[in-house]
Every structure is written in structure tokens, then in C-alpha cells.
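Below you'll find the structure, written out as C-alpha cells, and then a few comments.
The values are calculated or read from the model by the stated rules, or taken from the named source; none is laboratory data. Note that the structure is predicted; figures quoted are calculated from it, not measured. Counting neighbours? That spans all protein chains shown, and the Cβs are built from the backbone with ideal geometry, glycine included. Keep in mind that these areas ignore ligands, DNA and RNA; they rest on the heavy atoms of the full protein, side chains included. Shrake-Rupley method; radii C 1.70, N 1.55, O 1.52, S 1.80 Å.
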Amino acid sequence: MLGSPRISIRRLASLCRRVGISLEAGIDVRKIWSGEMQRGTQADRQQVGLISAAVNAGKSVTEAVQATEDYFPSLLREMVQVGEQAGQLDQSMLRLADHYDHQLALRRTFLTGITWPLIELGLAVFVIGGLILLMGVVGQMTGQMVDVLGFGLIGVRGLVVYLILVGAVVGMTALLMRAWMRGKLWTAPLQKAAMR
């Protein structure tokens with residue numbers, strides 16, 4: 001589901017690195033997951049607690065991680081399975097940590113690159129809204145309504161319609177981005193097009 005909680009990439013990278021280093025050092029897997037229950041947010045501790053309980057009950061780490069369902073990304077669940085089957089779970093976790101650190105770096109670069117254009121977009125939306133409201137005020141003062149934009153958006157009523165449209169576009173964009181980040185199937189064609 002789009003609304004279900006999920007671990008953040010930053011916390012996921014830290015978790016993978018700590019678990020990988022601990023496994024590489026030869027610490028017992030039950031002790032590692034018990035220790036991880038003391039870290040992170042309440043949701044993190046709850047999900048890691050499920051993993052710890054399953055591992056303490058004799059289940060494999062793969063089965064334990066699969067039991068958390070969508071809290072962890074599918075890549076992590078699959079790599080844990082591959083690493084455990086190959087006897088290289090420590091290396092799988094360390095490589096996952098590197099992967100998630102790289103994703104964080106790419107995200108920072110992307111956000112840095114789009115900050116100024118987003119500020120400009122916000123200012124443009126504000127200016128257009130102000131123009132719609134101003135044209136209504138001027139029209140009431142002169143008795144002559146002028147539709148500068150050509151969409152029939154004038155005055156307070158026009159501003160409300162404009163803000164509803166802007167809100168709908170922002171909401172749909174946020175929903176699409178959340179689905180994209182969660183890897184929902186219907187966003188796969190969009191992801192392929194963006195990667196090209």
C-alpha cells in the first residue's frame with residue numbers, strides 16, 4: 001500500500017552497514033538483531049523486533065525479513081535471501097549499504113539541482129494567483145472585467161478555482177512520486193521512460 005510505513009533510505013543504509021560489519025566480525029545473528037531493536041524509530045524497532053523474534057525462534061534471516069512484508073524494500077529482501085543462500089550475508093549487507101548510500105548521494109544531488117527551479121515555480125504560482133485576484137479587484141473598481149489569462153479566472157472565485165487546480169496537480173504529483181518511490185507496478189513504464 002502507498003500509505004503503509006516504510007524504513008527511510010538513510011536508516012536502511014545504516015542498518016545494513018551495522019548488520020554487515022557485525023556479521024563480518026562473527027557476532028551471532030541473534031545478538032545482532034536483538035541489538036538492533038534498540039535503534040531507530042518506533043516502527044523500525046517494531047519491525048526489527050519481528051525479525052529478532054523470528055531468528056530467535058530458529059527461522060532464517062530470509063524468512064524473518066520476509067515476515068516484515070513491505071517495510072523493507074524488495075531489493076533488500078531478495079539480497080538477504082541470495083546472501084544467506086550463498087553464505088555471504090555479511091557481504092550482501094555491506095553492498096546494500098553502499099547501494100543505499102549511493103542512492104542518498106544521488107537524491108541530494110537531485111534536490112540541490114531542482115531547488116531553485118522549484119522556488120521559481122512557487123513564485124510564478126503566487127504571482128499568477130495575485131494577478132487573478134488583482135484583476136477581480138480592478139474589475140470591481142472600474143466596472144469592467146478584464147480576463148488577462150483568458151481562462152475566466154477573475155477575482156476571489158477565480159482564485160479559489162486556481163488554487164484547487166494547483167492543489168490537485170500538487171497532490172497528483174505527490175501521489176505519483178510516492179508510488180514511484182515504492183516501485184508500484186503501474187509506474188514501471190514511467191520509470192523506464194525516465195531512465196532513457
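Considering only residues that are within 20 Å of Q81 (Cβ to Cβ), free of Cβ contacts under 8 Å to residues at least 12 places away in the same chain and not small (G, A, S), which ones fall in segment 29-65? Spell out the reasoning first.
Initially, segment 29-65 is screened for residues within 20 Å of Q81 (Cβ to Cβ), giving 29-30, 32-33, 36, 47-48, 50-65.
Right, trim to free of Cβ contacts under 8 Å to residues at least 12 places away in the same chain and you get 53, 57-59, 63.
Within segment 29-65, K59, E63 qualify.
Test G35 against the criterion of being open to solvent by less than 60 Å² (accessible area, probe 1.4 Å), in a helix (DSSP H, G or I), of a type in the set (G, A, S) and over 15 Å from E69 (Cα atoms), and give yes or no.
Working: open to solvent by less than 60 Å² (accessible area, probe 1.4 Å): yes; in a helix (DSSP H, G or I): yes; of a type in the set (G, A, S): yes; over 15 Å from E69 (Cα atoms): yes.
Against the criterion (open to solvent by less than 60 Å² (accessible area, probe 1.4 Å), in a helix (DSSP H, G or I), of a type in the set (G, A, S) and over 15 Å from E69 (Cα atoms)), G35 qualifies.
From the list D90, D70, pick out the single residue that is in a helix (DSSP H, G or I), modelled with pLDDT under 90 and charged (D, E, K, R).
Numbers: D90 fails: modelled with pLDDT under 90.
Result of the check over D90, D70: D70.
Checking the condition touching a helix residue (DSSP H, G or I) at 6+ places or on another chain (Cβ under 6 Å) and farther than 30 Å from L176 by Cα, which residue from V80, V65, V55, V48 passes?
On the way: V80 fails: farther than 30 Å from L176 by Cα; V65 fails: farther than 30 Å from L176 by Cα; V48 fails: farther than 30 Å from L176 by Cα.
Residue meeting the stated conditions: V55.
From (1) surrounded by 10 or more Cβ atoms within 10 Å (Cβ to Cβ); (2) at pLDDT below 75; (3) aromatic (F, W, Y), pick out the condition that doesn't hold for F126.
Status for F126: all satisfied but (2).
Can you name every residue in segment 1-36 that is among the basic types (K, R) and modelled with pLDDT of 90 or more?
First, the residues of segment 1-36 that are among the basic types (K, R): 6, 10-11, 17-18, 30-31.
Matches in segment 1-36: R10, R11, R17, R18, R30, K31.
Among the residues of segment 27-36, is there at least one that is under 24 Å from the mean Cα position of the chain (by Cα), on the phi < 0 side of the Ramachandran plot and not hydroxyl-bearing (S, T, Y)? Spell out the reasoning first.
To start, the set of residues in segment 27-36 that are under 24 Å from the mean Cα position of the chain (by Cα) comprises 36.
Going one step further and asking which of them are on the phi < 0 side of the Ramachandran plot, we end up with 36.
Still in the list and also not hydroxyl-bearing (S, T, Y): 36.
Within segment 27-36 (the criterion being under 24 Å from the mean Cα position of the chain (by Cα), on the phi < 0 side of the Ramachandran plot and not hydroxyl-bearing (S, T, Y)), the answer is yes, since at least one residue qualifies.
Out of segment 139-173, which residues are open to solvent by less than 60 Å² (accessible area, probe 1.4 Å) and either assigned to a helix (DSSP H, G or I) or of a type in the set (V, I, T) (or both)?
Within segment 139-173, G139, I154, G155, G158, L159, V161, Y162, V166, G167, A168, G171 qualify.
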